[in-house]
């Protein structure tokens, strides 16, 4: 019997293991992806597994095993970890918090790229929030690279690129409806955690924001298993102690990870008044895009600007482009002040019009 035919059986077995509070082996995690992506397997069976897995609690090994299986099914990105001899970077959040926050990681990626760090951002449309990275970028006039050729072209001409997850992960179609139903029911799934792990460009530098502090160690463990060289798992709170899913200039932050192989942990409190949490909110992609454009132009809401430069600054330090986070923040500020971030966005818009129509 082929591995694909074993998929539904593996899915049922894994569901029972989760209900029994048993950890799945890396091999089991890889095997059950065949069932999750099989269009012939009923959505209810997929929903039962995802619910049981979330209830049990995902582990680093399970996440890494499933990430490997999805990466094996992904469309080739044509690059692996590096671009033109420099470490390739990605920044994203796990999502799942439901808060209507501006697409801060998207803006931070643009600023970091404008400062000289090649960025291949991997993302999707909003599922549990009004604006996903794909929604905001579309309204910014930016298109994603559809294949390896376009990815290389965009990185070469612009300095950053966007990989729309469904374009590079056709296997996601098999799980899309089950995720949609569970999201409508207010139930989280592990796909919020898997998204940052399955960038097909396999960046060497990754920054991931989480909404639950308890998810930090499992995401860090998965990064270790997958061999990511430099990564930061970020948990930030607003001024009221509520999670933002990003580095926050408003309240408490905790960051764990590795910078060029050296483990670190950072605990940071907001040092000045950057505003309130509602300043970081966007009711939809239109408002998110407008707030991003304002920040890239050197203006905009203070809270959004603070969050963007904090996140971009950490990326620059992770990549070894600055000696510490504070110097990274300063470089991000200077990049915006010089107009480099706004110029990069214009190059990206020009590329998008010329290559994709």
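Quick note: the coordinates plus some simple rules give every number you see, no bench work behind them. In this text the structure is predicted, and so the values were computed from the model without any measurement.
Looking at region 82-352, send over the antiparallel percent of its DSSP beta bridges, to the nearest 5. Intermediate results must be reported in sequence, preceding the final value.
Numbers: 18 of 34 bridges.
For region 82-352, the DSSP antiparallel bridge percentage is about 55.
Could you check which residue among 92, 18, 160 shows the biggest mean-square fluctuation in a GNM of the chain with a 10 Å Cα cutoff?
Looking only at 92, 18, 160, the biggest GNM fluctuation is shown by 18.
Can you give the angle from 0 to 90° between the axis of helix 325-337 and the longest principal axis of the chain, with both taken from C-alpha atoms, to the nearest 10?
60
Rounded to the nearest Å, what's the spacing between the alpha carbon centres of region 42-56 and region 294-316? Just the number, please.
Between the Cα centres of region 42-56 and region 294-316 lies a distance of 38 Å.
Gap in Å between the Cα centre of region 69-120 and the Cα centre of region 189-209?
Using only Cα atoms, the two centres lie 8 Å from each other.
Counting DSSP beta bridges in region 215-357, what percent are antiparallel, to the nearest 5?
Just about 100 percent of them are antiparallel.
Rounded to two decimals, what is Rg over Rh for the chain when you use alpha-carbon atoms and the Kirkwood radius?
That ratio equals 0.96.
Just to be sure I understand: with springs between alpha-carbon atoms less than 10 Å apart, which residue in 242, 60, 161 has the highest mean-square fluctuation in the Gaussian network model of the chain?
242
To the nearest 10 degrees, how steep is helix 104-114 against the longest Cα principal axis of the chain, on a 0 to 90 scale?
60
Determine the calculated [θ] at 222 nm for the chain from helices alone, applying -39500 (n - 2.57) to every DSSP H run no shorter than 4 residues and normalising by the residue count; nearest 500 deg cm²/dmol.
Result for the chain, helices only: -15000 deg cm²/dmol.
Of all the C-alpha pairs in region 142-292, what % are more than 23 Å from each other? Spell out each step's value before the answer.
Working: 5855 of 11325 pairs.
Roughly 52 percent, rounded to a whole number.
How high is the relative contact order of the chain? Use alpha-carbon pairs under 8 Å, at least six apart in sequence, and give a whole percent.
Working: 764 pairs, mean separation 69.6, N = 357.
About 19 percent, as a whole number.
Given axes a ≥ b ≥ c from the Cα gyration tensor, I'd like to know whether region 3-57 is rounded (a/c under 1.5), prolate (a/b larger than b/c) or oblate.
oblate
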